[in-house]
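Working notes for the structure below.
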Amino acid sequence: MSDKVRIGKTDLYINPIGLGTNAVGGHNIFPNLDEETGREIVRTAIDQGINFIDTAYIYGPERSEELIGEVIREKGKREQLILATKGAHKYVEDEMVVDNSPAFLSKSVEDSLIRLRTDYIDLFYIHFPDEHTPKDEAVGALKKLKDEGKIRAIGVSNFSMEQLKEANKDGYVDVIQSEYNLLKRQAEDELLPYAKEHSISFVPYFPLASGLLTGKYTINSPINDGRSRNPLFQGKAFEENLAKVEQLREIAADKDAEVAHLVLAWYLKQDAIDAVIPGAKQPEQVLHNIRAWNIHLTDEECGRISSIFKR
Ligand code: NAP
């Protein structure tokens with residue numbers, strides 16, 4: 001990969017195919033994860049030139065950041081990487097709560113620095129909004145950390161339009177991360193236009209709809225993990241989604257690509273989207289997804305894909 005792109009108005013430059021790491025040490029999200037496989041996923045990504053790595057305190061919790069920190073130490077390429085992490089969760093008497101208070105966000109950054117074995121975080125997101133903290137105050141705390149050099153850019157995640165506006169009152173928000181994929185396009189109503197207007201970079205999570213948009217499922221595929229609770233994988237919706245994915249095969253074949261590449265390339269054609277962070281459970285998936293970087297869609301192809309998945 002080459003030709004780095006800038007994330008929004010930040011001074012961070014990345015290769016647009018990044019890596020999502022909730023399956024690297026994310027034992028609380030996916031059962032039976034092998035940690036060495038997780039390290040190998042991160043090593044493979046770095047070796048292939050992926051430099052935008054997305055993690056969070058809550059993946060594990062803590063373990064994803066720790067494993068990434070180990071691999072960074074081993075590889076010794078810290079300055080080539082753009083590390084994004086997220087905080088806002090904490091456990092109070094075994095119960096998980098969300099806290100956006102300035103004091104807690106500052107502590108979260110300090111703790112992430114230790115786990116990631118680094119002295120700066122490139123992009124720190126408030127992972128989820130809490131109910132109490134004014135959002136501009138929460139972002140103000142991150143601005144202070146940015147001024148101190150502990151973080152280089154400010155992100156928010158899972159914020160509603162109203163929360164994003166409040167968070168960005170002073171223009172400090174650099175990135176918003178929200179759920180968005182071809183099967184869930186609600187962000188097109190408000191968040192994407194706002195992001196474009198304010199030079200905020202929009203990072204879509206679940207870009208592959210948890211694997212459904214890779215083209216690997218058929219109607220007979222057994223769905224016997226957490227995906228069985230995902231409405232996209234259930235009943236008639238699953239059938240309809242598969243039929244849409246099926247229509248991508250022809251366009252993909254014309255471009256000597258596969259369905260997942262087309263899907264990832266489609267996001268990157270959107271103005272506010274500079275990067276995608278597909279997750280991976282195996283290093284081979286990283287190698288596969290990285291090929292999307294070489295797929296360039298025409299406006300006509302984008303339009304065709306968009307209309308297959310029209311809302
Ligand atoms: P995703 O990217 O939509 O799907 C990733 C899953 O698809 C992988 O774990 C793998 O699962 C399968 N897959 C990936 N590449 C494949 C390929 N080439 N061929 C076949 N299957 C493939 O979902 P995600 O990983 O949950 O989301 C992406 C990232 O967004 C996360 O890793 C995380 O960093 C971030 N995220 C953020 C939030 C937030 O609240 N901000 C929420 C969720 C996720 P299987 O092998 O099991 O099928």
Any chance you could run the full-extension gain for residue 28 through residue 137? It's 0.36 nm times the residue separation minus the Cα-Cα distance, nm to one decimal. 36.2 nm
Separation of segment 243-281 and segment 77-110 by C-alpha centroid, Å? 31 Å
Per residue, how big is the convex hull around the C-alpha atoms of segment 140-269? Give it to me in cubic angstrom, could you? 142 Å³
Quick one: Kirkwood hydrodynamic radius for segment 24-97, alpha-carbon pairs, angstrom, one decimal? 12.9 Å
Around residue 82, which amide H atoms from residues at least 5 apart in sequence, or from another chain, sit under 5 Å from its own amide H, with H modelled in the peptide plane? 52, 53
For the chain, what does the convex hull of the Cα positions come to per residue, in cubic angstrom? 132 Å³
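By how many nm would the segment from residue 161 to residue 298 lengthen if fully extended, with 0.36 nm per residue of separation less the alpha-carbon distance?
Gain on extension, residue 161 to residue 298, equals 46.3 nm.
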Roughly speaking, what is the centre-to-centre gap between segment 1-40 and segment 112-154 when only Cα atoms are used, to the nearest Å? 18 Å
Amide H within-cut-off set for residue 151, under 5 Å, with H built and near neighbours excluded: 121, 146
Considering only the chain, percent of DSSP beta bridges that pair antiparallel, nearest 5: 25 percent
If I stretch the segment between residue 75 and residue 11 completely, what's the gain in nm (0.36 nm per residue apart, minus their alpha carbon distance), one decimal? 20.7 nm
Would you work out the charge dipole size for the chain about its Cα centre, treating the Cβ of every Lys and Arg as +1 and the Cβ of every Asp and Glu as -1, and quote it to the nearest 20 debye? 400 debye
Charge tally in the Cβ shell below 10 Å around residue 15, where Lys, Arg are +1 and Asp, Glu are -1, residue 15 excluded: 0
Among DSSP beta bridges whose residues both lie in segment 88-243, state the antiparallel percentage, nearest 5. 30 percent
Around residue 39 (Cβ within 9 Å, Cβ-to-Cβ, excluding residue 39; K/R +1, D/E -1) the net charge comes to -4
Considering the options 297, 7, 273, tell which one lies farthest towards the positive end of the dipole of the chain, charges being +1 on Lys and Arg and -1 on Asp and Glu at the Cβ, about the Cα centre. 297
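What order do you get for 289-302, 211-224 when each peptide is scored by the mean count of other beta carbon atoms within 10 Å, highest first?
Most protected by this proxy first, the peptides run 289-302, 211-224.
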Which residues does a label at residue 35 reach in segment 42-79, if reach means a backbone N under 16 Å from a point 7 Å past the Cα toward the Cβ? 42-43, 59-74
Restricting attention to the alpha-carbon atoms of segment 1-65, what are Rg (one decimal) and Dmax (integer), both in Å? 13.1, 39
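Laboratory data are not the source of any read-out in this text; all were calculated from the coordinates shown. Note that the coordinates shown come from a computational prediction; the quantities given were computed from them, not determined experimentally. Virtual Cβ from ideal backbone geometry, glycine too; neighbours counted across all protein chains shown.
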